[in-house]
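Here's the structure we're looking at; comments come further down.
No value in this document is a laboratory result; all are computed from the given coordinates. The structure displayed is predicted, hence computed values, not measured ones. Methodologically, a virtual Cβ is constructed for each residue, glycine included, from the backbone with ideal geometry; neighbour enumeration extends over all protein chains shown.
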Amino acid sequence: MVDQGKRIEVVSPVDGSSLGSIDVAGVRRVNEAVERARSAFVDWGRTPVKERVQPLFRFKQLAEQQMGELSKLVSAENGKTIAEAEAGIRKGLEVVEFATSFPSLLQGGLLEVSPGVDCHTRRYPLGVVCGITPFNFPAMVPMWMFPLAIAAGNCFLHKPSEQTPLTPLRFIELFREAGLPEDVFQVVQGDRTTVELLLDHSGIVAAAFVGSTPVARLVYEQATTSGKRVLALGGAKNHLVVVPDADVELTAKNVVASATGCAGQRCMAASVLVAVGDCDVILAAIEDEMRKIVPGETMGAIISRAAQERIERYIDQAEADGATIRVDGRGATVSGKPHGFYVGPTLIDGLEAGHPAACDEIFGPVLTVLRVGTLEEALAIENGNPFGNAASIYTTNGATARYFEQRASAGMIGVNIGVPVPREPFSFGGWNDSRFGVGDITGTDGLSFWTKAKKTTTKWSVDSGRNWMS
Ligand code: NAD
């Protein structure tokens with residue numbers, strides 16, 4: 001139903017071709033989706049959890065069977081390589097796997113708290129809930145939300161990024177095939193106007209959001225004002241700290257993979273490399289490693305022309321302010337794809353800590369090197385940045401690693417790992433301005449977020465020895 005009359009074209013960043021278009025949902029479409037979800041919730045919310053997880057088992061199997069086709073779709077609409085697309089889908093399916101363990105996790109507790117008096121807990125679904133997701137992981141980030149929300153007994157409305165709206169539609173088809181009742185999971189396409197309608201809707205009781213920090217903050221404020229439970233994950237500026245005793249080859253490969261994987265469009269990507277003391281050999285190895293990357297072959301595209309231009313502006317500004325651009329990804333072209341959006345790997349050296357290239361989320365394959373004399377100075381820079389998704393250290397010394405781990409101000413820490421995304425059932429979530437709300441989005445925190453606990457206390461006068469039978 002087109003109720004705004006507004007359509008958005010979906011453009012493949014790979015070659016600039018059109019993949020189709022979506023209708024932006026307005027008031028009528030949002031109301032209709034909420035009403036359908038409400039009706040579906042009557043049965044779904046009461047379905048025993050052992051039954052609720054059965055479609056998830058089947059969905060996982062179907063997604064694995066159709067991995068090739070799904071990866072191509074993610075790659076076409078997002079621009080990442082097929083291998084990266086597949087890795088993201090498999091990572092998301094780990095959350096599906098975790099959700100299938102809800103029958104064990106939802107058992108609750110029971111204890112006799114005084115003679116003849118028992119307390120027990122049951123967790124109930126919330127009702128109609130929604131999830132709003134970004135462009136950079138069209139499959140994985142939605143899978144942080146819908147498996148847990150649905151297995152917990154909620155009916156889930158998904159508002160994907162208008163830049164990558166096609167993969168979620170395929171998920172809906174797979175769930176139909178997997179036997180999930182209609183309307184338990186719906187996609188509501190649109191842009192910020194649709195998000196605002198969802199957040200204001202009184203029929204929706206909870207919202208999960210993943211996207212940039214300014215929007216996460218807005219979403220958190222709007223959703224809490226309208227009385228919803230909300231968890232909003234935001235952007236990042238991740239710092240990797242390298243000390244001179246780090247393994248040169250491991251560090252170079254790992255740092256570059258972190259900074260350039262998914263063309264740097266990951267909330268866990270390396271963005272600032274803080275070199276402590278003399279790390280020139282390691283920096284030279286990083287530079288060599290970056291030069292091996294070929295845009296369009298070993299590295300994917302940037303989501304849009306506007307994003308490409310934004311990234312290049314940061315490099316221009318750094319150069320104008322006196323930085324050395326040791327590897328320059330500006331003007332990258334890919335043979336046969338003149339209309340694709342590409343920026344090559346970029347290594348910027350010689351900036352001060354306060355420079356925009358060292359502070360803002362650039363969200364491209366750009367690594368800015370900052371040089372300091374001590375680990376304390378490195379930690380001061382990391383601690384001083386407002387975000388808090390990831391921070392990593394490269395060292396061969398366990399004591400140095402431990403010191404860093406305890407003092408870095410981020411929710412996910414890497415030791416010799418530049419993308420320290422925890423594998424499920426360890427949960428995903430940052431700190432500081434990378435998260436608004438309480439808890440992580442996956443793992444047992446996800447279970448808590450999508451459910452509410454009811455605590456029952458019972459007392460039976462069995463001591464009298466009399467009941468209706470006696
Ligand atoms: P975005 O914030 O522009 O958009 C995210 C979602 O919000 C989209 O669905 C979009 O339609 C909607 N939206 C955009 N502007 C809005 C507004 N003013 N009001 C309401 N809704 C609005 O993010 P993006 O560019 O799609 O994704 C990249 C960002 O996501 C980066 O900042 C990245 O770090 C972040 N991200 C964070 C995590 C994490 O776990 N913390 C994971 C992935 C991506």
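One table, with the values for the structure above:
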{"item": "Answer residue from segment 207-250, given it is within 30 Å of ILE282 (Cα to Cα) and not in a loop (DSSP other than H, G, I, E, B) and is nearest to the ligand (Cβ to nearest atom) among those", "result": "ASN238"}
{"item": "ILE311 free of Cβ contacts under 8 Å to residues at least 60 places away in the same chain, under 27 Å from the mean Cα position of the chain (by Cα) and under 21 Å from PRO214 (Cβ atoms)", "result": "yes"}
{"item": "Near pairs, Cβ below 7 angstrom, 6+ apart or cross-chain, from segment 258-276 (among the small types (Gly, Ala, Ser)) to any residue that is assigned to a loop (DSSP other than H, G, I, E, B) and near the ligand (Cβ under 8 Å from one of its atoms)", "result": "GLY264/PHE363"}
{"item": "Tally, over segment 149-193, of residues that are within 15 Å of the ligand (Cβ to nearest atom), farther than 24 Å from GLY16 by Cα and out of contact with any strand residue (DSSP E or B) (no Cβ under 6 Å at 6 or more places or on another chain)", "result": "1"}
{"item": "Scan of segment 447-462 for residues that are surrounded by 15 or more Cβ atoms within 10 Å (Cβ to Cβ) and over 17 Å from ALA216 (Cβ atoms), ordered by number", "result": "LEU447, SER448, TRP450, THR451, LYS452"}
{"item": "Strands (runs of 3 or more DSSP E) wholly inside segment 70-187 containing at least 1 residues that are of a type in the set (Ser, Thr, Tyr)", "result": "110-114, 117-125"}
{"item": "Leading residue by the ranking (surrounded by the fewest Cβ atoms within 10 Å (Cβ to Cβ)) among those in segment 42-70 that are aliphatic (A, V, I, L, M) and closer than 16 Å to PRO142 by Cβ", "result": "LEU62"}
{"item": "Residue satisfying condition, being at positive phi and aliphatic (A, V, I, L, M), within set ALA285, ALA263, ALA307, ALA269", "result": "ALA263"}
{"item": "Test: residue in segment 79-96 that is within 16 Å of the ligand (Cβ to nearest atom), under 27 Å from GLY20 (Cβ atoms), in contact (Cβ under 8 Å) with a residue 60 or more places away in the chain and in contact with a Ser or Thr (Cβ under 8 Å, 6 or more places away or on another chain)", "result": "yes"}
{"item": "Answer from ILE293, ILE302 - the residue that is assigned to a loop (DSSP other than H, G, I, E, B) and either closer than 22 Å to ASP433 by Cα or within 16 Å of the ligand (Cβ to nearest atom) (or both)", "result": "ILE302"}
